[in-house]
Amino acid sequence: MKSNTRTTRWLGAAFVAQFATSIAFAFVSAKLLAGGAAGALATAAVNLTAVRASALLELLTSAGIIALATLLFATLGDQDRPRALVALGLWIAEAVLLAVGGLALYALGMLAADAGPASASAASLAGAATIAFSLYQYAFTAHMLFFCLGAPLWYSLLYQSNLVPHWLAGWGLVASLPLLVSTLLTLWDRGLSLGIIPGLPYAPFELFIGAWLIVRAARGAHAPIRLEGALS
């Protein structure tokens, strides 16, 4: 496994950035996404700033996923290249789908800017807004599927390394499994969604592991790597 102080610091910063943009998006978009397509269009019509900020945060998160996956591959790729390549591909797909969702939100904002009570095309705008909102929902759920498939691969590689303690890598590995179950249920039928509960064990993980890696880099702690079982 390749590791140096600079890469470890950037990897930690990437985890922290993912946590920050995800939490910021959750707060900014809470009201926008709470009332379905009609509620989202109405909210967007009176608060375009929230819509644009939500779309921007999704795009920033997408870019952050690519950076994080690339840094993980640079750090863990030599430990088990096939597994790391699959994980990299899954998280790149995750980032693309999240970007599609961000663009759908941006389109929703553009529709809201054109809509109005006196608009002759209000009905068609509402229909287009429903499509944009539905596209966002499905893109977001699908991006979670690719995240949940890639996370166990990355965190199992971290577990086999000594870059972080076993319990910390195990936290990410175990906490991603309820998210996978919830995502599969939601893809099957949105009425089966379990809401935010399955994500609660994972929610602080990226902040915690990011801070750990930054502190590790600051201390310059790089013990020899244990690779036993890594290629099994």
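Helix-only estimate, please: 222 nm mean residue ellipticity of the chain, summing -39500 (n - 2.57) across DSSP H runs of length 4 or more and dividing by its residues, to the nearest 500. Write out the running numbers ahead of the final one.
Numbers: 7 runs with 181 residues, N = 232.
The per-residue figure over the chain is -28000 deg cm²/dmol.
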Legend entry - Extended-chain gain in nm, criterion 0.36 nm per residue less alpha-carbon gap, residue 188 and residue 86: 34.3 nm
Inset, instruction - Can you pull the one-decimal nm distance between simple spin-label points at residue 181 and residue 7, each 7 Å off the Cα toward Cβ? - result: 3.6 nm
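Let's see if you can work this out: charge +1 on each Lys and Arg Cβ, -1 on each Asp and Glu Cβ, no other charges. What is the dipole magnitude of the chain about its Cα centre, in debye to the nearest 20?
On the way: 11 positive and 8 negative charges, 110 e Å.
Computed about the Cα centre, the dipole is about 520 debye.
For 61, 21, which order do you get if you count the other beta carbons within 10 Å of each Cβ and list the fewest first?
Values: 61 24, 21 20.
Placing the least packed residue first, the sequence is 21, 61.
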Inset, instruction - Enter the angle in degrees (range 0 to 90, nearest 10) between the Cα long axis of helix 48-76 and the first principal axis of the Cα atoms of the chain, meaning the one along which they spread out most. - result: 20 degrees
Inset, instruction - Kindly state, to the nearest 0.05, the FRET efficiency for residue 219 paired with residue 31, given R0 = 41 Å and r defined as their beta-carbon distance. - result: 0.45
Legend entry - Likely footprinting exposure, 166, 143, fewest C-beta neighbours within 10 Å first: 166, 143
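Using DSSP to define loop residues, name the trypsin sites (Lys or Arg not before Pro) in the range 1-43 whose beta-carbon has at most 15 other beta-carbon atoms within 10 Å.
Qualifying residues, ordered by number: 2.
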Inset, instruction - Kindly express, to the nearest 10 degrees and within the range 0 to 90, the angle between helix 205-219's C-alpha long axis and the longest C-alpha principal axis of the chain. - result: 40 degrees
Legend entry - Helix 122-160 axis, angle to the chain major axis (alpha carbon atoms, nearest 10°): 10 degrees
Legend entry - Separation in nanometres of the label points that stand 7 Å from Cα toward Cβ, at residue 63 and residue 134: 3.2 nm
Inset, instruction - Compute the Cα gyration tensor for the chain, then decide on rounded, prolate or oblate, letting a ≥ b ≥ c be the square roots of its eigenvalues: rounded whenever a/c is under 1.5, prolate when a/b is larger than b/c in the other cases, and oblate in all that remain. - result: prolate
Inset, instruction - Please find the FRET efficiency linking residue 46 to residue 174, where r is the Cβ-Cβ separation and R0 is fixed at 41 Å, and quote it to the nearest 0.05. - result: 0.45
Legend entry - Ascending count of other beta-carbon atoms within 10 Å, so fewest first, for 66, 196, 131: 196, 131, 66
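Each reported figure results from applying straightforward, stated rules to the coordinates on display, with no laboratory input. What you are looking at is a predicted structure, and each value in this text was computed from that prediction instead of being measured. Backbone-built Cβ (ideal geometry, glycine too); neighbour counts: all protein chains shown.
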